[in-house]
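Chemist: The following block contains the structure, expressed as C-alpha cells.
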Amino acid sequence: MQNSFRWYGPNDPVSLSDIRQSNAEYIVTSLHQIPYGEKWSKEDVKKRIRYIQKFNSKSNVNLKWNVVESIPVHNNIKLRDKNFKKLIDNYKDTITNIAKNKINTICYNFMPIVDWTRTQLDYKLPTDGLALRFNFFHVIVFEKFILKLNDIEKRYSIKQIKNAEKIYKKMNSQDINNLKIAIMGGLPASEKKYSIKEFKNMIEAYRGFKKKDLQENLINFIKEIIPVAEENKVKMAIHPDDPPIALFGIPKIVSNFKDYNYILNSYDSSANGMAFCSGSLASNANNNVYQIFTAFKKKINFIHLRNVKIEKDKKSFYEANHLSGDVDFVKLIKMIIKEEKISSKMGCRWCR
C-alpha cells in the first residue's frame, strides 16, 4: 500500500506540513477550483504538482500526488441530458491529461445531486473530538420543512415523520441553517453549493428515474471512459454511495454487493475497478464489508480506511475513531495485507 492522505488543496486548513506528520508519503487530491464539468488541462494538473513539490525539501517527507479524488461527474452525465456528450468528452480529455502527468489512479462516484451527504459537520464525540454525522431524521426535517416537498409520505412512515417533526420543533434558526449548509454543499469535497431552489430543481430533474435507469446511464458512461483509461494506463475506482441508501426519493446504484457485482462485470477491464471505502459501505447495516472485500479484492484499485458507528435507529451514523467503530479494523487490515502479499508480483496497486 502507498500511505496517502486526502488534501483539499491550498485552501485546506490542514497543511502539507500537517500531513507529513501523519506518516503519509502521498497526496490524494483534486482540482476543486475548476468549475463543475470543465476539462482539466495538462498544465492545470502540473501546477498542482509543482505546488506540492514547492514544500518538499531534503529534510522532510517529499510528498507526491498519486491519486485523483475526484473528477466530478456532472449531473447532466448522470441524467444523460442537455450537453452530456460534451461533458463526457471533457471527462475523457481530463483522464488523458492526468495520465500525462504520471498519475494513474482516479477515484470517482455516481451519486445524484451531491457527492456525499451529512447532516452535521461538528458532532461531538465522547472523546471531545468533532466528527461528521448523518442523522436520518434530519434528512426528513430537511425534506419536509426546508425543501417543503409534498411527497415525503411515499418514502417515510407516519412514525418517522412524527419523530422528525419533534426534532424540528426543538431546532432554532442556527440549527436549521447549519443543516442546510451541511446537506447542500458544506462538505470539503463538495463541487457545488446549492440554493434551496436549485436543490429542488435537481430533485425534480431526477424525478421519475428508477434504479435501472441510472444504472444504464452509469454503464454507458463506463463504456465511454474505460477505453480511454486503458489507453492511458489509468485505473478508475468507483466509490460507493455515501450514505449507501436512497435519499430525496432518488435511488442509489453503487451501494452494496449486488450493485458492485453488476458494475464491475459490465465492462471487463482492470481499469474498471472499485474504491473500497469501508466507512461508506459499513454505514448501511445490511452490508458485510468483509464479504464485499473478499468478493471484489481483484477489482479494488483504491482503498479508503474509514470507520463509522451506526446509531440505534440503524440508519443514522457518525464518523468514528478507527478502532472504536463498527468495522473491525484489525481484521480488515489483516485481510488487506494478506491479499497484498499474494498479489505482490503485480506491484503496489493500492493506496489508502
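The values are calculated or read from the model by the stated rules, or taken from the named source; none is laboratory data. Not measured: the values here are computed from a predicted model. As a convention, Cβ positions derive from the backbone with ideal geometry for all residues, glycine included, and neighbour counts pool all protein chains shown.
Chemist: Within region 64-80, can you find the residues that are touching a helix residue (DSSP H, G or I) at 6+ places or on another chain (Cβ under 8 Å), in a strand (DSSP E or B) and under 30 Å from Lys252 (Cβ atoms)? Outline the logic, then answer.
Modeler: As a first pass, look at region 64-80 and keep what is touching a helix residue (DSSP H, G or I) at 6+ places or on another chain (Cβ under 8 Å): 64-65, 68, 71, 73-80.
If we keep only those that are in a strand (DSSP E or B) as well, we get 64-65, 68.
Across region 64-80, the qualifying residues are Trp65, Val68.
Chemist: What's the total number of residues in region 227-276 that are under 16 Å from Phe302 (Cα atoms), among the hydrophobic types (A, V, I, L, M, F, W, C) and in contact with a Phe, Trp or Tyr (Cβ under 8 Å, 6 or more places away or on another chain)?
Modeler: Residues that pass the stated criteria total 8.
Chemist: Yes or no: region 88-110 includes at least one residue that is surrounded by 15 or more Cβ atoms within 10 Å (Cβ to Cβ), in contact with a Pro (Cβ under 9 Å, 6 or more places away or on another chain) and part of a loop (DSSP other than H, G, I, E, B).
Modeler: yes
Chemist: Take Lys299 and tell me if it is in contact with a strand residue (DSSP E or B) (Cβ under 9 Å, 6 or more places away or on another chain), of a type in the set (Lys, Arg), without any contact (Cβ under 8 Å) to a residue 40 or more places away in the chain and crowded, with 16+ Cβ neighbours inside 10 Å.
Modeler: Yes; evaluated as a whole, the condition is true for this residue.
Chemist: What's the number of the condition Leu132 fails, among (1) touching a residue at least 24 places away in the same chain (Cβ under 8 Å); (2) part of a loop (DSSP other than H, G, I, E, B)?
Modeler: Here Leu132 meets the rest and fails (2).
Chemist: Given the criterion in a helix (DSSP H, G or I) and crowded, with 21+ Cβ neighbours inside 10 Å, identify the matching residue among Ala229, Ala275, Ala205.
Modeler: Of Ala229, Ala275, Ala205, the one residue that is in a helix (DSSP H, G or I) and crowded, with 21+ Cβ neighbours inside 10 Å is Ala229.
Chemist: Moving to a separate point now. Can you pull out every residue in region 251-264 that is among the hydrophobic types (A, V, I, L, M, F, W, C) and either surrounded by fewer than 18 Cβ atoms within 10 Å (Cβ to Cβ) or in contact with an Asp or Glu (Cβ under 8 Å, 6 or more places away or on another chain) (or both)?
Modeler: Those that are among the hydrophobic types (A, V, I, L, M, F, W, C) and either surrounded by fewer than 18 Cβ atoms within 10 Å (Cβ to Cβ) or in contact with an Asp or Glu (Cβ under 8 Å, 6 or more places away or on another chain) (or both): Ile253, Val254, Phe257.
Chemist: Could you please let me know if Ile222 is within 24 Å of Thr94 (Cβ to Cβ), touching a residue at least 24 places away in the same chain (Cβ under 8 Å), part of a helix (DSSP H, G or I) and under 22 Å from the mean Cα position of the chain (by Cα)?
Modeler: In short, yes.
Chemist: Right, Ser280: in the same structural domain as Ile245 (by TED's automatic domain parsing), of a type in the set (Ser, Thr, Tyr) and not in a loop (DSSP other than H, G, I, E, B) or not?
Modeler: yes
Chemist: For region 35-63, enumerate the residues that are in a loop (DSSP other than H, G, I, E, B) and modelled with pLDDT of 95 or more.
Modeler: Glu38, Lys39, Trp40, Ser41, Leu63
Chemist: Now for a separate question. So if I check each of Asp151, Asp175, which one is surrounded by fewer than 18 Cβ atoms within 10 Å (Cβ to Cβ) and in contact (Cβ under 8 Å) with a residue 40 or more places away in the chain?
Modeler: Working: Asp175 fails: in contact (Cβ under 8 Å) with a residue 40 or more places away in the chain.
None of the others qualify; the one that does is Asp151.
Chemist: Quick one: which residue in Lys334, Lys341, Lys312 is among the basic types (Lys, Arg), free of Cβ contacts under 8 Å to residues at least 24 places away in the same chain, closer than 30 Å to Ala164 by Cα and surrounded by fewer than 19 Cβ atoms within 10 Å (Cβ to Cβ)?
Modeler: Lys312
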